[in-house]
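Scroll down for the structure; my scribbles are underneath it.
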Amino acid sequence: MKIERLSPDKIRIFLTFDDLTERGIQKDDMWREIPKVHDLFSDMMDQAYSELGFEPAGPLAVEVFALPAQGMVVIVTRGSMDLSLQADLLDDHDDEEVYEMEVTLEQSDIVSYAFRDFEDLLRASKVVNPMLTDGGALYTYRNKWILQFEPTELPEGKFQTLIAVLSEYGDATNVTKAVLEEYGKAVIEANAVQELCRHFA
């Protein structure tokens, strides 16, 4: 489980499928109201508080994105709430955790990885290049390099290896192609890995 702060009131949590398996949770369970999922959410909030000081109080908007073969991304946004009312709510429930959640669940087949450093992007590209025949688009967005692949661009049988390599050098991200095209900048629109290796090998 990896947690990062996106803003004072927003955090992103990346769960691998191993994180889910350890808790006896299947990917499809994230769409169901079951105790195991509530326990997982409580663990995530405890870790967010201990690592980042993020107080999971008041109304929370929770977005869950399923990434193919990579895991799940959970984005938690804390809404504003009157502090005295918040304290009253906690008192009324005998210190039980009070979460008011609005949950959005989305699935994406696009494989998307963010690289903070261009050298890391190049290293990953050189390793995965022999696995690919074509494909991949490269963008810049929020001071990061974003490498995206459509599912049809990825080789069968080497999918897990490709994901493992990308995870070693970068971080899975749930940013959509539409957001990248609107707010980011397209650097290489097609065959990005091959182009990177050709120019920077």
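Of the residues in region 170-201, how many are small (G, A, S), modelled with pLDDT of 85 or more and under 16 Å from K144 (Cβ atoms)? Give the steps one after another, and end with the answer.
Here is the first cut: in region 170-201, the ones small (G, A, S) are 170, 172, 178, 184, 186, 190, 192, 201.
From what's left, modelled with pLDDT of 85 or more: 170, 184, 186, 190, 192.
Narrowing further to those that are under 16 Å from K144 (Cβ atoms): 170, 184, 186, 192.
Count: 4.
Please list, ordered by residue number, the helices (runs of 4 or more DSSP H) wholly in region 150-201 having 3 or more residues that are open to solvent by less than 60 Å² (accessible area, probe 1.4 Å). Full working, then the answer.
Details: elements: 159-169, 177-183, 192-200.
Those helices (runs of 4 or more DSSP H) span 159-169, 192-200.
Taking interchain pairs and intrachain pairs at least six residues apart, which have beta carbon atoms under 8 angstrom, with the first residue in region 17-28 and under 12 Å from L40 (Cα atoms) and open to solvent by 100 Å² or more (accessible area, probe 1.4 Å) and the second among the small types (G, A, S) and assigned to a helix (DSSP H, G or I)?
Going by the 8 Å Cβ cut-off, there are no qualifying pairs.
The conditions are (1) touching a residue at least 60 places away in the same chain (Cβ under 8 Å); (2) open to solvent by 70 Å² or more (accessible area, probe 1.4 Å), and R12 fails exactly one of them. Which is it?
(2)
Check whether at least one residue in region 122-140 is modelled with pLDDT of 85 or more, among the hydrophobic types (A, V, I, L, M, F, W, C) and in a strand (DSSP E or B), and report yes or no. It would help to see each step written out before you state the result.
Quick first cut of region 122-140, residues modelled with pLDDT of 85 or more only: 122-132, 136-140.
Remaining after also requiring among the hydrophobic types (A, V, I, L, M, F, W, C): 122, 124, 127-128, 131-132, 137-138.
Next cut, in a strand (DSSP E or B) only: 137-138.
Yes - at least one qualifying residue is present in region 122-140.
Please enumerate the residues belonging to region 149-169 that are under 23 Å from F118 (Cα atoms) and free of Cβ contacts under 8 Å to residues at least 12 places away in the same chain.
Once the filter is applied, which keeps residues that are under 23 Å from F118 (Cα atoms) and free of Cβ contacts under 8 Å to residues at least 12 places away in the same chain, region 149-169 yields only A164.
Do you know which of the residues in region 104-121 that are assigned to a strand (DSSP E or B) and out of contact with any helix residue (DSSP H, G or I) (no Cβ under 9 Å at 6 or more places or on another chain) is modelled with the lowest pLDDT? Please lay out each step first, then the result.
Taking region 104-121 as the starting set, the residues that turn out to be assigned to a strand (DSSP E or B) are 104-107, 111-115.
Going one step further and asking which of them are out of contact with any helix residue (DSSP H, G or I) (no Cβ under 9 Å at 6 or more places or on another chain), we end up with 104, 106-107, 114.
Working: T104: 47, E106: 50, Q107: 52, A114: 92.
Residue satisfying both the conditions and the ranking: T104.
Can we say E51 is modelled with pLDDT of 80 or more and more than 27 Å from Y113 (Cα to Cα)?
Values: modelled with pLDDT of 80 or more: yes; more than 27 Å from Y113 (Cα to Cα): no.
When the stated conditions are applied, E51 does not pass them.
What are the residues in region 170-191 that are of a type outside the set (D, E, K, R), without any contact (Cβ under 8 Å) to a residue 60 or more places away in the chain and within 19 Å of F118 (Cβ to Cβ), if any?
Our first condition is that a residue be of a type outside the set (D, E, K, R); within region 170-191, this holds for 170, 172-176, 178-180, 183-184, 186-188, 190-191.
Keeping just the survivors that are without any contact (Cβ under 8 Å) to a residue 60 or more places away in the chain gives 170, 178-180, 183-184, 186-188, 190-191.
Answer for region 170-191, where residues must be of a type outside the set (D, E, K, R), without any contact (Cβ under 8 Å) to a residue 60 or more places away in the chain and within 19 Å of F118 (Cβ to Cβ): G170, L180, G184, A186, V187, I188, N191.
Looking at region 7-28 only, could you name the residues that are outside any loop (DSSP other than H, G, I, E, B) and farther than 17 Å from I75 by Cα? Give the derivation first.
So the first thing to find is which residues in region 7-28 are outside any loop (DSSP other than H, G, I, E, B), and the list is 7, 10-15, 17-22, 27-28.
Within region 7-28, D18, T21, E22, D28 meet the criteria.
The values are calculated or read from the model by the stated rules, or taken from the named source; none is laboratory data. Quick caveat, the model's predicted, so the values are computed rather than measured. Neighbour counts are summed over all protein chains in view; Cβ atoms, including those assigned to glycine, are modelled from backbone coordinates with ideal geometry. What goes into the accessible areas is simple: the full protein's heavy atoms, side chains included, and nothing from ligands, DNA or RNA. Shrake-Rupley method; radii C 1.70, N 1.55, O 1.52, S 1.80 Å.
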